[in-house]
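Notes follow once the structure below has been shown.
FYI, it's all coordinate maths here, none of it is from the lab. All of these numbers come straight from a predicted model, not from anything done at the bench. No Cβ is skipped: glycine too gets one built from the backbone with ideal geometry, and neighbour counts run over all protein chains shown.
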Amino acid sequence: MISRLNIPPGLRLCLWHTRSWTKIGLVLALAFLANSLEGPTIQHAFATDKQVTYFQDVALIIHDHCSSCHRPGEVARLPLLTYQDAKQQGPAIAAAVRARLMPPWKPVAGFGEFQSDPRLSDAEIATLESWVREGMPEGDPKAQPPAPRFTSGWQLGSPDLVLTMAQPFEVPANTPDLYECFILPTHLTEDRYVVAIEERPSYRPVVHHSIVVEDKFGAARRMAQGAGAYPCFGGFGFPAPGYIGFWTPGVQPQREPPGVARLLKKDCDVVVQVHFHPARQPAKEQISLGLYFAKQPPEHIPFDLSVGTMDIDIPPGEPEHRVSSFVFVPEDVEVLSIIPHCHLLCRAVKVTAKLPSGGSVPLIYIQDWDFDWQRQYWYNSPLFLPQGTRVDMEMTFDNSAANPRNPNHPPKRVTWGEQSTDEMAEIHLEAIPAHPPSSPHK
């Protein structure tokens with residue numbers, strides 16, 4: 001699992017697009033075909049006499065909101081690039097967007113303004129529903145919008161440094177989840193500052209997530225006893241304050257804001273802890289990691305402001321067990337992003353900043369938590385929180401038999417732990433010391 005020191009201890013981020021979309025594609029498509037979209041829909045509020053066609057109305061919606069993941073080489077199994085692709089999956093698409101299961105986006109509107117929000121408007125959902133209801137007509141090919149263009153290879157351009165596992169790792173079939181730490185020497189001749197990392201697994205289906213840290217003391221090499229890797233369930237096995245980043249399937253790499261970067265010391269090692277989710281067949285994985293460096297020393301090195309608790313004891317059968325915690329902000333800060341983390345029983349996550357002035361700032365609210373769709377949420381603009389702000393976290397867990405995500409049948413007592421069948425409750429805010437405040441919140 002993950003070190004419980006100065007890096008986020010619960011970043012067990014899980015993003016199983018393939019599994020989730022397959023389930024949606026099968027279950028919702030059948031449901032859609034069974035009821036032919038009978039009952040109230042969003043469509044009626046946007047009804048027009050104009051026929052909805054793929055080339056004129058639907059293609060651009062799918063290109064903008066779906067195709068980045070639904071294409072060869074990416075995490076979703078079902079491609080959505082052509083008319084034939086969309087027509088084949090049309091009923092499932094309509095049902096999934098109607099239920100707002102796709103595109104996957106969990107934060108409730110009005111509780112934080114985030115970058116890369118892929119949600120469809122009501123009008124876009126109505127367009128997709130109308131298209132399916134009308135038989136999914138193709139329309140005039142001359143009206144076809146330009147095909148989506150995607151960056152091949154490294155998404156952020158050529159990295160300043162590429163580190164690759166010395167040899168492929170053999171992932172056995174049909175075994176419990178594995179945690180392995182891989183040592184990647186940097187051979188840096190001077191200190192550098194990292195503004196972004198981009199990870200490229202060679203076989204994504206078996207990589208659940210990974211966490212990347214700096215090791216400037218050679219501790220991982222001692223753990224590996226001369227090898228290039230070692231098992232590391234439960235943590236890296238050494239203090240790892242040099243947190244660099246993490247990777248989950250489907251989330252695009254992102255640069256830190258201007259003036260923000262993480263320090264990477266001269267001649268240090270980078271250690272990548274990988275959570276493998278073995279498949280039905282043996283597989284090999286050889287991860288490459290691209291590092292992007294700042295051109296000059298940054299103004300700020302970000303730090304983790306975390307809220308969490310290990311005081312978790314959920315009785316069997318309990319449908320609404322609440323866990324809460326809080327932390328006071330030690331100095332004026334600007335919050336750049338937020339990462340909620342819990343496991344399978346969690347149903348809701350709410351985080352609020354209570355200001356010294358008596359006001360409050362909503363940080364995030366997720367009403368339908370899904371262990372399979374976790375991510376780091378970057379705010380549109382940094383949020384200023386003055387010293388003394390209290391950050392409150394509340395999570396709600398459902399340990400009843402009615403919870404379809406409950407891994408235990410019948411339900412059993414669940415406490416804090418590192419396994420997915422245990423539970424966690426924590427929030428990680430990436431923050432920097434604040435610039436001279438101009439915020440009205442103070």
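Data for the structure
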| read-out | value |
| --- | --- |
| Between 0 and 90°, nearest 10: helix 17-35 axis offset from the chain longest Cα axis | 20 degrees |
| Of the trypsin sites (Lys or Arg not before Pro) in the stretch 131-196, those whose Cβ has at most 15 other Cβ within 10 Å and which sit in DSSP loop | Arg149 |
| Relative contact order, percent, the stretch 303-433 [alpha-carbon distance under 8 Å, six or more residues apart] | 45 percent |
| Exposure proxy ranking, count of Cβ atoms within 10 Å, fewest first, for Asp422, Asp117 | Asp117, Asp422 |
| Candidates Asn174, Asn403, Asn380: whichever shows maximal mean-square fluctuation once the chain is modelled as a Gaussian network with Cα springs under 10 Å | Asn174 |
| Order of His428, His435 - criterion: other Cβ atoms within 10 Å of each residue's Cβ, fewest first | His435, His428 |
| Alpha-carbon gyration tensor eigenvalues x 5, square-rooted, for the stretch 51-142, Å | 22, 16, 11 |
| Rounded to 10°, Cα long-axis angle of helix 122-133 versus longest principal axis of the chain | 50 degrees |
| Neighbour net charge for Asp57 - beta-carbon separation under 12 angstrom, K R +1, D E -1 | -4 |
| Estimated FRET transfer efficiency (Asp368, Arg255; beta-carbon r; R0 25 Å; 0.05) | 0.25 |
| Relative contact order, percent, the chain [alpha-carbon distance under 8 Å, six or more residues apart] | 20 percent |
| Length released on extending from Val162 to Ser202, taking residue separation times 0.36 nm less the Cα-Cα span | 13.0 nm |
| Global geometry of the stretch 348-402, whether rounded, prolate or oblate, following the gyration tensor of its Cα atoms and the 1.5 cut on a/c | oblate |
| Evaluated over the stretch 108-241, the Cα radius of gyration and Dmax, each in Å | 22.8, 65 |
| Lys pairs under 15 Å by Cα in the chain, provided they are eight or more residues apart or on distinct chains | 4 |
| Mean Cα-pair separation over length for the stretch 70-154, i.e. relative contact order, pairs under 8 Å, 6 or more apart, % | 25 percent |
| Values of log10 I(q)/I(0), in the order q = 0.19, 0.21, 0.29 Å⁻¹, for the stretch 152-197 under a Debye, Cα-only, solvent-free model | -0.88, -0.96, -1.20 |
| Among Pro103, Pro386, Pro146: highest mean-square fluctuation, GNM of the chain, C-alpha pairs under 10 Å | Pro146 |
| Principal axes of the stretch 322-442: Cα extent on each, largest first, Å | 54, 24, 22 |
| For Ser337, distant residues with modelled amide H under 5 Å away | Tyr379, Glu430 |
